[in-house]
1. Of the conditions (1) assigned by TED's automatic domain parsing to the domain that holds residue 57; (2) loosely packed, with under 15 Cβ neighbours inside 10 Å; (3) under 23 Å from residue 57 (Cα atoms); (4) among the aliphatic types (A, V, I, L, M), residue 76 fails just one. Which one is it?
2. For segment 144-161, check the following and say yes or no: at least one residue is within 23 Å of residue 36 (Cβ to Cβ), under 25 Å from the mean Cα position of the chain (by Cα), in a helix (DSSP H, G or I) and not assigned by TED's automatic domain parsing to the domain that holds residue 89.
3. Within segment 172-187, track down each residue that is surrounded by 14 or more Cβ atoms within 10 Å (Cβ to Cβ) and closer than 22 Å to residue 130 by Cβ.
4. For residue 112, state whether it is surrounded by 15 or more Cβ atoms within 10 Å (Cβ to Cβ) and either outside the structural domain of residue 53 (by TED's automatic domain parsing) or free of Cβ contacts under 8 Å to residues at least 40 places away in the same chain (or both).
5. On the given criteria, is residue 81 on the phi > 0 side of the Ramachandran plot and either at pLDDT below 90 or out of contact with any Ser or Thr (no Cβ under 8 Å at 6 or more places or on another chain) (or both)?
6. Does segment 189-197 include one or more residues that are without any contact (Cβ under 8 Å) to a residue 40 or more places away in the chain, part of a helix (DSSP H, G or I) and within 17 Å of the chain's Cα centre (by Cα)?
7. Within segment 147-167, how many residues turn out to be surrounded by 13 or more Cβ atoms within 10 Å (Cβ to Cβ) and within 27 Å of residue 60 (Cβ to Cβ)?
Amino acid sequence: MIRMARVSPVCDCRCVPAPPILRSVSEGAERLLDRALCVAGAVAFSQFPEFMQQYLQRLEGHLDEARLALDRFKDAATQSGMSLEQLVSGAAANPDKAMGKLGEVVRASMSRVDELAASDAALRGASAWTRPFVFLAHADWGIARATLSIYRPAIPTTAEGLAYACAGIAVVLAAYHLAIRGPIVRRLARRRDQGPRGAA
């Protein structure tokens, strides 16, 4: 008796196209996601001008307080017949520890005024598009945290706020398509290409 060899069936691994309704749902979900990302980017970026305005107001308040404290030291030095620098150097040379601490306080007050004044001038002199980078370079993070703790989102009503909203849409969409959607689409395309070759 002759026994015939059994031939295993060949599995057809060709990719089956998705049904039209599934493609329609997928495209609708993608459009909805794009719109949600546009709204999120616009809302997030448009808040920066308002936050910066509130931050600058708080920064100027701290600067005024620091200048007022420094003016008091200047008045005390003037009444003693010396300049502020002479007051500081004299306090530092005094063997009394309390006077030495006073000199450190005056010098710290001078440094604080200089730092806050430089930050205020840099931010006010920056353009709308360079201000975020200037803020990162000159920010007083204590004042920034205090501003953020009481900050309430606002609807942008200025041209700068609208410009930041448009920039937010562009940045968020670009990040999504380049970092998330793009790699996924390329991976799915490679799988579709490998399907027919694997079947062959």
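1. (3)
2. The answer is yes, given that some residue of segment 144-161 is within 23 Å of residue 36 (Cβ to Cβ), under 25 Å from the mean Cα position of the chain (by Cα), in a helix (DSSP H, G or I) and not assigned by TED's automatic domain parsing to the domain that holds residue 89.
3. Correct list: 172 only.
4. Values: surrounded by 15 or more Cβ atoms within 10 Å (Cβ to Cβ): yes; either outside the structural domain of residue 53 (by TED's automatic domain parsing) or free of Cβ contacts under 8 Å to residues at least 40 places away in the same chain (or both): no.
It is false that residue 112 is surrounded by 15 or more Cβ atoms within 10 Å (Cβ to Cβ) and either outside the structural domain of residue 53 (by TED's automatic domain parsing) or free of Cβ contacts under 8 Å to residues at least 40 places away in the same chain (or both).
5. Considered against the rule, which asks whether it is on the phi > 0 side of the Ramachandran plot and either at pLDDT below 90 or out of contact with any Ser or Thr (no Cβ under 8 Å at 6 or more places or on another chain) (or both), residue 81 comes out as yes.
6. no
7. 12
The values are calculated or read from the model by the stated rules, or taken from the named source; none is laboratory data. These figures come from a predicted structure and were not determined experimentally. Don't worry about glycine lacking a Cβ; one is built from the backbone with ideal geometry, like all the others, and counts go over all protein chains shown.
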